[in-house]
Amino acid sequence: MITIRPIPAFSDNYIWHLQQDREHWVVDPGDADPVIEVLGGAHLSGILLTHHHFDHTGGVKTLKEKYDCEVFGPGSIEGVTHPIQDGDQFSLMGCDWRVLSVPGHTLDHLALILEAEGDTHLFCGDTLFAAGCGRLFEGTPEQMYHSLSRLTSLPRDTKVYCAHEYTLANLAFASAAEPGNQAIGKRIAEAQETRQQDRPTLPSTIGLELETNPFLRTQSEEIRTNAVAHGADVKGNPVEIFATLRQWKDTF
Ligand code: ZN
Ligand code: FE
């Protein structure tokens, strides 16, 4: 059986640690030290990377030198031994993986999908967050909107492993964008309790995101109305509504 646990790093990053018997992999190790500490004396088999930002890749060099491990990720990132891209499929830890290109936050951003024991697990880096999405550093709103659509076409019970603990701040914005959505209020209460106990609010699920994430809800009348109040065209298409929401969130 595969176990998936978060390793907290920096102020709000999660490095996802996957273990199957004696095999260990990590996703987006921005820092090597917390990974080495969690592994104790165990060997690291490999690293998976979603995109090039330092808070996701900063630990690669040290970990690779220490464990001589494989590195799967976008080919442009230094240290990658197995370049992967959209449509690729491979097997790790006896499980099937597949790769989706999800440009927007960065142009090289990949989403990694793991099928294990009948469950779907999504490692989405900084593309989809609990109740939010990544900032558009390199891509266009249209690219990000399309990337998020690819992720939301996964089964509703897909577990979503984001790379940051941004949930409460994102929910505050979600609540401003769609105050009438009761599922958001319920989620805020749950997330507050979870954080008070110092536990991660992740993984989320695609189903919960579809219900509470404003960036996936551009069809909601209330969100459209509030986006128009923040500058979107009354007749704006979903991409324009999304772009306005993203801009509004940047200064929220
Ligand atoms: Zn990033
Ligand atoms: Fe990040």
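The values are calculated or read from the model by the stated rules, or taken from the named source; none is laboratory data. Computed from a predicted structure; not experimentally measured. Cβ atoms come from the backbone with ideal geometry, glycine included; neighbour counts cover every protein chain shown. Only protein heavy atoms, including side chains, enter the accessible area calculation; ligands, DNA and RNA are left aside. Shrake-Rupley method; radii C 1.70, N 1.55, O 1.52, S 1.80 Å.
Given Cα pairs under 8 Å that are at least 6 residues apart, what percent is the relative contact order of the chain? Relative contact order, the chain: 13 percent. Karplus-derived 3J(HN,Hα) values for the stretch 44-58, using 6.51 cos²θ - 1.76 cosθ + 1.60 with θ = phi - 60°, are 8, 6, x, 10, 10, 10, 9, 6, 7, 4, 4, 6, 10, 10, x Hz; glycine and proline are entered as x. Of the residues Arg199, Arg217, Arg150, the one that moves most in a GNM of the chain with alpha-carbon contacts below 10 Å is Arg199. Only beta bridges with both residues in the stretch 3-250 are counted; by DSSP, about 75 percent of them are antiparallel. Working from the alpha-carbon coordinates of the stretch 21-80, get Rg over Rh, Rh being the Kirkwood radius. Using only Cα positions, Rg/Rh for the stretch 21-80 is 0.93.
Only Cα pairs under 8 Å and 6+ residues apart enter the sum, and on that basis the relative contact order of the stretch 98-216 stands at 28 percent. Of the trypsin sites (Lys or Arg not before Pro) found in the stretch 5-70, those that fall in a DSSP loop while having at most 13 other beta-carbon atoms within 10 Å are Arg22. The charge dipole of the chain, taken about the Cα centre with unit charges on the Cβ atoms of Lys, Arg (+1) and Asp, Glu (-1), comes to about 460 debye, rounded to the nearest 20. Label-to-label distance, His146 versus Phe252, with points set 7 angstrom from Cα along the beta-carbon direction: 2.5 nm. Evaluated on the chain, the Kirkwood hydrodynamic radius is 18.5 Å, with distances taken between all distinct Cα atoms.
For the stretch 34-155, the extents of the C-alpha atoms along the principal axes are 44, 33, 26 Å, listed from largest to smallest.
The loop-placed GluC sites (Glu not before Pro) in the stretch 30-126, going by DSSP, that have at most 16 neighbouring Cβ atoms within 10 Å of their Cβ come out as Glu78, Glu117. Counting only alpha carbon atoms, the long axis of helix 167-177 and the longest principal axis of the chain meet at about 20°.
Taking amide hydrogens as placed 1.01 Å from N in the peptide plane, the amide H of Val71 sits under 5 Å from those of Ile47, Thr81, His82, each at least 5 positions away in sequence or on another chain. Our coupling estimate for the stretch 191-206, obtained by passing each phi through the Karplus curve with A = 6.51, B = -1.76, C = 1.60 and θ = phi - 60°, is 5, 4, 5, 4, 5, 4, 8, 6, 9, x, 7, 10, x, 8, 10, 4 Hz, Gly and Pro reported as x. With helices as the sole contributors, the chain gives -10000 deg cm²/dmol at 222 nm; each DSSP H run of n ≥ 4 counts as -39500 (n - 2.57), and the sum is divided by every residue. Protein heavy-atom surface of the stretch 3-250, 1.4 angstrom probe: 47% of the accessible area is carbon and sulfur, with nucleic acids and ligands not counted.
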